[in-house]
Amino acid sequence: MNDDQQYGPGVLKYMKEAQKLLDQKKKQVNRIKKFKFDTIAVHGLYTAEEALKQNQGAIIEPLYLSASQAYRDSDEMEAALAYLIPTWCYTRIANPTIYYLEWVLALLEGYKTGQDASCLVTASGMSAIVSAIDPFLVKQKEEEEKINFVSSVQLYGGTYQHFSVRKMQDRGIEVRWVEHQDDIEEWKTKINENTRFLYSEAPSNPQQSFCDVKALADLAHSHEIPFIIDATCATPALMRPLAYGTDIVIHSLTKSITSSGLAIGGALISRKPIVTNIKNDNPLFKENFAEYVKFLPYRDNGPAASPPNALFALNDLRTLRSKMDLVSQNSQQVAEFLAQHPRVYQVDYLGLPSFHFHPLAKKYLKLVDSDDGTGKEFNRYGHLMSFRVDGPSPNARKVFDNLKVIFRATDLGRIKSVACIPAISTHQQQGEKARQMADIPPQMIRLCVGAEDPDDIIGDLDQALRTL
């Protein structure tokens, strides 16, 4: 809202009205921030006052299916399309239902971190990843050497495919792979003056790799570049990376956040400001990255979320903390059973003290607003794990094919338990060499434990393993 002189009196009138609304929203945000995590998850920024004034008293956020917004006159349209006043305009750009989801995700990700955050919701987790990284992958000058970014190799198969094919093969952008993401020294050796950001997925899917979040954020910032993390499997209920200096957090909303399995979506949450050495004339690029992406690249590229999907995610999000507590406890029991089974030679689960990444996970994964009796939050480790069946790879297929209760599907984060064999499904396309580098053998079965009674899941696994 600078340079008022170029606008007529009608536009200025709408700008003044908008400023009053923005001031009210700021007060509302400051009030909501004082609530506990569960209260924020349930209510977000939707108030009883808004329900009564605007939505005929509806206590649940309304679903806006209209594809576009009408304006009172040409002055309001001009102000809206110049981004001088709050607007949603067209669902490819924004939508009121999606706004409700973005607001609550920003508040939850920023909860108790001391950081202000903003959020952009996208059509899928992959579109959130692309929206987060592409703005950094632009040449700053013609003579610039080949640009690169550094990433852990332990990634969801679709992310690995995007980085290795769409970025390296199609665009000639170098991806420098880190094989041991808990080794900060390995990260250091990969960075040079043309590195644009560091990227991690933690906990990783499917092998449960983990990193020292704060150390990586500090390392990135020492080179004036951002640290980006995909924290899908943790969710804000177990880890909020902004507290440790992370600049951008990615979520596939399709997974644990929308545990019903009724919708897909993604989210990009950025701290204010991010660290970056990229020169960009738009001040939002650094000061409010998620908003910058929404107003410009996202608007132009069009990876818009569906309003019904946003509402499904919003409703599942309300009970996120209690669900992650439950499924984490269930997973712990299942992992402990598998760890002592004679036909299983390795269990990858962060809650097992014997697992290599357990100490790092214990440092970072804690159930928000829990109390161990001394005022400290206690650990929960999520509901994704993998186990490796003894013997040749056909043994894993036999166990997998004999599951009766657990669904065979490439999905995860569901309220129902789901399993897959990553080597032939989610990570098939990345090839044998890359799977070996990422530690994904054909004997691995990925299991995401749901909210069933854990004894029934253990019984199903036991009968399947006894077929060997």
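The values are calculated or read from the model by the stated rules, or taken from the named source; none is laboratory data. Please read these numbers as outputs of a predicted model, since none were measured by experiment. Cβ coordinates were reconstructed from backbone atoms using ideal geometry, including for glycine residues, and neighbour counts include every protein chain displayed.
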Selection from segment 413-468 of residues in a helix (DSSP H, G or I) and polar (S, T, N, Q) yields Gln428, Gln429, Gln430, Gln436, Gln463
Some residue of segment 69-85 being assigned by TED's automatic domain parsing to the domain that holds Ile225, in a loop (DSSP other than H, G, I, E, B) and either surrounded by fewer than 16 Cβ atoms within 10 Å (Cβ to Cβ) or out of contact with any Lys or Arg (no Cβ under 6 Å at 6 or more places or on another chain) (or both): no
If you go through segment 409-426 one residue at a time, do you hit one that is within 23 Å of the chain's Cα centre (by Cα), closer than 15 Å to Cys233 by Cα, in the same structural domain as Val327 (by TED's automatic domain parsing) and free of Cβ contacts under 8 Å to residues at least 24 places away in the same chain? yes
Within segment 223-240, is there a residue that is small (Gly, Ala, Ser) and within 30 Å of Pro442 (Cβ to Cβ)? yes
Verdict on Met126 being within 19 Å of Gly266 (Cα to Cα), surrounded by fewer than 23 Cβ atoms within 10 Å (Cβ to Cβ) and among the aliphatic types (A, V, I, L, M): yes
Between Ala267, Ala263, Ala231, Ala237, which is within 23 Å of Gly413 (Cα to Cα), free of Cβ contacts under 8 Å to residues at least 40 places away in the same chain and in the same structural domain as Ala305 (by TED's automatic domain parsing)? Ala231
Set Glu186, Glu193, Glu224: member being of a type in the set (Asp, Glu) and part of a helix (DSSP H, G or I): Glu186
Got a number for residues in segment 404-455 being buried (at least 21 other Cβ atoms within 10 Å of the Cβ) and of a type in the set (Ser, Thr, Tyr)? 2
Name the helices (runs of 4 or more DSSP H) wholly within segment 1-68 that hold at least 3 residues that are in contact with an Asp or Glu (Cβ under 9 Å, 6 or more places away or on another chain)? 9-32
Collect the residues in segment 252-272 that are surrounded by fewer than 24 Cβ atoms within 10 Å (Cβ to Cβ) and under 16 Å from Pro241 (Cα atoms), keeping them in residue-number order. Lys272
Subset of segment 42-63 [surrounded by 11 or more Cβ atoms within 10 Å (Cβ to Cβ) and either touching a residue at least 60 places away in the same chain (Cβ under 8 Å) or under 18 Å from Phe312 (Cβ atoms) (or both)]: Val42, His43, Gly44, Leu45, Tyr46, Ala58, Ile60, Glu61, Pro62, Leu63
What residue, of Asp390, Asp401, Asp348, Asp371, is in contact with a Phe, Trp or Tyr (Cβ under 7 Å, 6 or more places away or on another chain) and surrounded by fewer than 18 Cβ atoms within 10 Å (Cβ to Cβ)? Asp390
